[in-house]
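Here the structure is laid out as structure tokens; the discussion comes afterwards.
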């Protein structure tokens, strides 16, 4: 699939508009990593996984590609009455990325917006402390950064990750995810150099979880365990 925007979008045509195409995030990461290996000309690739759901996916991509793994903390700014949905996101650089299209429909007061942003900032800082700090600029500069998550719904979390990554001057920013909505892909494409997504789905309704036969929200303890295993496996650089 070629997108007529800035970035090039590569998907698997056999998986378009299909649901339950992956067993779980681990299988999705392995299959995505195999797919990414086919990309030509990746210069000093680094896999940057967005916790929580992007960690098992990122581990799979790192294993298949042989690229080092780092953690890129990004959190959505939750809607006060619906914490599962967000009206923006904040990356590890603490820059706010707002969904300006959605915000007018939420009728939030300035105080409510500021409170949600402050709460998210606190969560970002805590996760940076817990999961190993922000990515080292020396790892990103001049190379290809593969930003991974378990999927793209609205795309605003990934937008914040891309903007934070761009500030570290990589040669190329590649978004690599197992599944995404067509609308999120079109929103993200102008901001990155390439998108690699196995399963792109269109339609008025989209849920990342629908791409997986087994799905649950990962706890911090599960993320710790996965990262500990990745360190023992040598996927995470010693100095990171």
Could you work out how much longer the chain between residue 166 and residue 23 gets when fully extended? Use 0.36 nm per residue separation minus the Cα distance between them, nm to one decimal. 48.2 nm
What is the spin-label model distance, in nm, from residue 121 to residue 94 if the labels are put 7 Å beyond Cα along the C-beta direction? 0.7
Using a Förster distance of 35 Å, how high is the FRET efficiency between residue 224 and residue 112, based on the Cβ-Cβ distance and rounded to 0.05? 0.60
Could you tell me which of rounded, prolate or oblate describes the stretch 164-240, using a ≥ b ≥ c as the square roots of the eigenvalues of the alpha-carbon gyration tensor, with rounded for a/c under 1.5 and, failing that, prolate when a/b is larger than b/c and oblate otherwise? oblate
Can you match Cα extents along the principal axes in Å to one of these, (1) 87, 37, 35; (2) 64, 44, 30; (3) 47, 40, 34, based on a calculation from the structure here? (3)
Ratio of Rg to Rh over the stretch 73-153 (Cα coordinates, Kirkwood Rh, two decimals): 1.02
Stokes-Einstein at 10 °C, 1.306 mPa s, Kirkwood radius from Cα pairs: D for the stretch 114-180 in µm² s⁻¹? 120
Quick one: plug the Kirkwood hydrodynamic radius of the stretch 105-218 (C-alpha pairs) into Stokes-Einstein at 37 °C, 0.692 mPa s, and report D in µm²/s. 206
Antiparallel DSSP bridges in the chain: what percent, to the nearest 5? 25
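For the chain, what does the helix formula give at 222 nm: sum of -39500 (n - 2.57) over DSSP H segments with n ≥ 4, over the residue count, nearest 500 deg cm²/dmol?
Values: 8 runs with 85 residues, N = 240.
Per the formula, -10500 deg cm²/dmol.
Quick note: the coordinates plus some simple rules give every number you see, no bench work behind them. Values in this document were obtained by computation on a predicted structure and should not be read as measured data. Cβ sites come from the backbone with ideal geometry, for glycine too, and all protein chains shown count toward neighbours.
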